[in-house]
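Since the structure comes first, as structure tokens, the remarks are kept for the end.
Only the coordinates and a few stated rules stand behind these numbers; no lab work does. These figures come from a predicted structure and were not determined experimentally. With ideal geometry, Cβ positions are generated from the backbone for all residues, glycine too; neighbour counts draw on all protein chains shown.
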């Protein structure tokens, strides 16, 4: 489980394809602290570490075909800056919100508005997948725990302060950028319970 508080950004230094799997080699200064089989969120997508090179401060994760299809990993390239968060410690503070690392779908950055000290990012997504946001609710964008500002069907916005803008890959977003989004898990459970209730009423 994660909290949506990005620790660092890492840099993709190598991409290898093996059949339908992709192996990503990522460089980050805490790689020497990582272990094989450890889970870590990459742009909000939970991936398992399969190799660690402590000398080079690099590690490798593998993504299956399904992950590539449903996330923004298909747009990653050598030099890409990826948001990283290690799994939550049981004795740590819960500073964000409950993030599973299971990407629901991708969204597209519609526009970025400079608000003189902060930035407003607008995103659109396929509303036909029955996901939704609510004003002041939680949303995870590329692994970053954020609060929804504007909420419409298939569209939402978030406000980004300078610190978040600098330490995450938000500073690289521009119109057309594809991002991973994970909707609030509590909202998803409520939605599913309501669907089951209405289904039972129709029988």
Check your understanding: What ranking, highest mean first, results for peptides 140-153, 104-117, 54-67, 167-180 when packing means the other Cβ atoms within 10 Å averaged over each residue?
Key -> 140-153, 167-180, 54-67, 104-117
Check your understanding: Per the Kirkwood treatment, what hydrodynamic radius in Å, one decimal, follows for region 99-176 from the mean inverse distance over all distinct Cα pairs?
Key -> 12.8
Study note, to complete from the structure: Helix 185-201: inclination vs the chain longest Cα principal axis, degrees, rounded to 10, gives 40
**Study point:** nm² value of the averaged projected area, convex hull over the Cα atoms of the chain
**Key:** 13.1
Study note, to complete from the structure: Computed, not fitted: 222 nm per-residue ellipticity of the chain from DSSP H runs ≥ 4 (each -39500 (n - 2.57)), nearest 500, equal to -4000 deg cm²/dmol
Review point. Thinking of region 8-86 as a set of Cα atoms, what percent of all their pairs are more than 13 Å apart?
Key: 64
Exercise for review: Estimate the FRET efficiency between residue 55 and residue 108 by the formula 1/(1 + (r/R0)^6), using the beta-carbon distance for r and 35 Å for R0, to the nearest 0.05.
Suggested key: 0.35
Practice item. Express the relative contact order of region 1-70 as a whole percentage, based on alpha carbon pairs under 8 Å and six or more residues apart in sequence. Key: 29
